[in-house]
Amino acid sequence: METVIAFILIFGSLVFFHELGHFIFAKRAGIMVREFAIGMGPKIFGMTKGETIYTLRLLPIGGYVRMAGEETDTVELQPGYRVALVTNEDNIVEKIVLNQKTQYQNVVFLEVERADLERELWIEGYDEEEKLVRYQVARTATVVENGTEQIIAPYDRQFNSKSVGARAMAIFAGPLFNFILAFFIFMVIGLIQGIPVDDPIISTVNEDSPASVAGLQDGDKVVKVDGKTITSWDELSEQIQTNPATAITFDVERADGSTATLEVTPKAVEQNGEEFGQIGVMRSMDTNPLKAVVYGAEETYNMTVLILKMVGKLVTGQFSIDDLSGPVGIYKATETVVTFGLYNVLYWAAMLSVNLGIMNLLPLPALDGGRLLFFAFEAVRGKPLDSQKEGMVHFVGIVLLMILMVVVTWNDIQRFFF
């Protein structure tokens, strides 16, 4: 159950913050957001607030923010189509009902001749007296079909009406928010757990450990190991790990200023077929808030560099597709991480957030990076590319990504269950 809860919280947070980035910058640009969805596939839950419906969907493989104008979501009223118009006291249309069953007041039935629901916002047609009339349509008018209402999207509220910069920022903001989320998670780790101190100072000596048996104390600073000067915790760790079951001499400075020379025999621990030494001590941690901020930025940068190197290996063939993991693999990894405690879960979530940000920025069709690449071409050409051709490229990209997802998921199932 802990694994399920951790997986849902981690997945939900990563997707939520990614889509929140798209949502916030779309709204800042004046773009109408039709839907904010977590998950894909059939809708489990939906709630409408303002002009946006917020949905939770069945399949935990992503999410999306559906913006007006990104797809064919505008209503085209063809000549001869009969509609019912609901008007306000100023005779401006507030609702366009696409079926004849309506119980609204102030209804006018119209046989459509022409309509413009994007730019000048009007509808023209023949009324019940077969007289040609024109009505202005409110910017917030809704189209009602089979009981479902959708607000019309004037052209200036549509995605494609905005500048290249505004559109690019609305798309880039998704991955950006994943990096921001990772930064805050690392910062929280630094604030709560503390930031590892580089000095070779022992914070805590575990009871009944080799260190405790040898006489090491909390606050001891190791200055030498077997006569070799120690200046950092990494150097101390190296000396301990490379001497399993072998007595080594520690020269330490005590918290009261005194010195001591102690003989410690690291316990031999086997992992992945190799032995390394452990003495049972904890590293000193610093909980300075300013250092936590720096730690958050540094860890986000380091994780970004690490994942980019792995992507590079994948591109150059040094990393096989069989080594990739999908939702099943991530779930199984989460199952292991949960056993190591909260901080490891947080670190895992931050790593996945950076990974999601980088993967989405890859210049591949259907990904945010692919869309940004098209915006770059548009900026260079001075005009947008053909929308149908771009749509076809993205469609092919989605199909290929779905195939990749199926292959990766099947590999995960075989790896963990067979």
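The values are calculated or read from the model by the stated rules, or taken from the named source; none is laboratory data. Just so you know, these numbers come straight off a predicted model, no measurement behind them. All Cβ positions, even for glycine, are placed from backbone atoms using ideal geometry, and neighbour counts span all protein chains on display. Ligands, DNA and RNA are excluded from the accessible area calculation, which covers all protein heavy atoms including side chains. Shrake-Rupley method; radii C 1.70, N 1.55, O 1.52, S 1.80 Å.
Note on region 4-69: percent of Cα-Cα distances in each 5 Å bin, starting at 0 and stopping at the bin with the largest distance, equals 4, 18, 27, 26, 16, 7, 2, 0.
Compared with the direct C-alpha span, the chain from residue 406 to residue 28 gains 132.5 nm at full extension, assuming 0.36 nm per residue.
Spin-label model, residue 342 to residue 306: label points 7 Å out along the Cα-to-beta-carbon direction sit 2.2 nm apart.
On the beta carbon distance between residue 114 and residue 392, with R0 = 22 Å, the FRET formula returns roughly 0.10. When you have a sec, figure out the Kirkwood radius of the chain from all distinct Cα pair distances and drop it here in Å to one decimal? One decimal place: 26.4 Å for the Kirkwood radius.
Here the gap between residue 126 and residue 271, fully extended at 0.36 nm per residue and compared with their Cα-Cα distance, gives a gain of 44.0 nm. Surface composition of the chain: carbon and sulfur make up 57 percent of the accessible area, probe 1.4 Å.
Placing unit charges on the Cβ atoms of the charged side chains and taking the dipole of the chain about its Cα centre, the candidate lying farthest along the positive direction among 230, 152, 84 is 84.
The eigenvalues of the Cα gyration tensor, multiplied by 5 and square-rooted, give region 154-311 an equivalent ellipsoid with semi-axes of 47, 18, 12 Å from largest to smallest.
The angle separating the long axis of helix 368-381 from the principal Cα axis of greatest extent in the chain is about 60 degrees. Only helices enter this figure: runs of n ≥ 4 DSSP H residues, each worth -39500 (n - 2.57), summed and divided by the residues of the chain, yield -14500 deg cm²/dmol at 222 nm to the nearest 500. Evaluating 6.51 cos²θ - 1.76 cosθ + 1.60 at θ = phi - 60° for every residue in region 138-143, the Karplus couplings come out as 5, 5, 9, 5, 10, 9 Hz, glycine and proline recorded as x.
Gaussian network model of the chain, Cα springs within a sub-10 Å range: biggest mean-square fluctuation belongs to which of 258, 13, 163? So, out of 258, 13, 163, the one fluctuating most is 258. In the chain, the longest principal axis of the Cα atoms and the axis of helix 2-28 are about 50 degrees apart.
Computed from the alpha carbon positions, the gyration tensor of region 167-241 leads to an equivalent ellipsoid with semi-axes of 41, 15, 9 Å, biggest first. Dipole of region 173-326, Cα-centred, from +1 at each Lys and Arg C-beta and -1 at each Asp and Glu C-beta, to the nearest 20 debye? Rounded to the nearest 20 debye, it is 460 debye. Its Cα centre serving as origin, the chain has a Cβ charge dipole (Lys and Arg +1, Asp and Glu -1) of approximately 800 debye.
Taking the Cα centre of region 340-402 as origin and assigning +1 to Lys and Arg Cβ atoms and -1 to Asp and Glu Cβ atoms, the resulting dipole is close to 80 debye. Of 279, 96, 189, the residue with the greatest mean-square motion in the GNM of the chain, using alpha carbon springs below 10 Å, is 279. Here each label is just a point 7 Å from Cα along the line to Cβ, and for residue 285 and residue 44 those points are 3.3 nm apart.
With θ taken as phi - 60° and the Karplus curve 6.51 cos²θ - 1.76 cosθ + 1.60 applied, the whole-hertz 3J(HN,Hα) list for region 214-227 is 6, x, 5, 10, 4, x, 5, 10, 7, 9, 8, 10, 6, x Hz, x standing for glycine and proline. You can think of it this way: the chain between residue 212 and residue 293 has 25.7 nm of extra reach, that is 0.36 nm per residue less the Cα-Cα gap. Once both labels are positioned 7 Å from their Cα atoms along Cα-to-Cβ, the gap between residue 198 and residue 245 label points is 3.6 nm. Report the normalised scattering of region 245-340 as log10 I(q)/I(0) at q = 0.13, 0.14, 0.19 Å⁻¹, calculated by the Debye formula with identical scatterers on the alpha carbons. Reported log10 I(q)/I(0), two decimals: -0.94, -1.03, -1.14.
Solvent-accessible surface of region 81-136, taken per residue with a 1.4 Å probe and all protein chains present: 66 Å².
Remark: for residue pairs 267/332; 27/95; 224/267, the C-alpha separation exceeds 22 Å in 267/332; 27/95.
Once both axes come from the Cα atoms, what is the angle between helix 387-417 and the longest principal axis of the chain, in degrees from 0 to 90, rounded to 10? Orientation of helix 387-417: about 40 degrees from the principal axis. Over all orientations, region 300-407 has a Cα convex hull whose mean projected area works out to 8.5 square nanometres.
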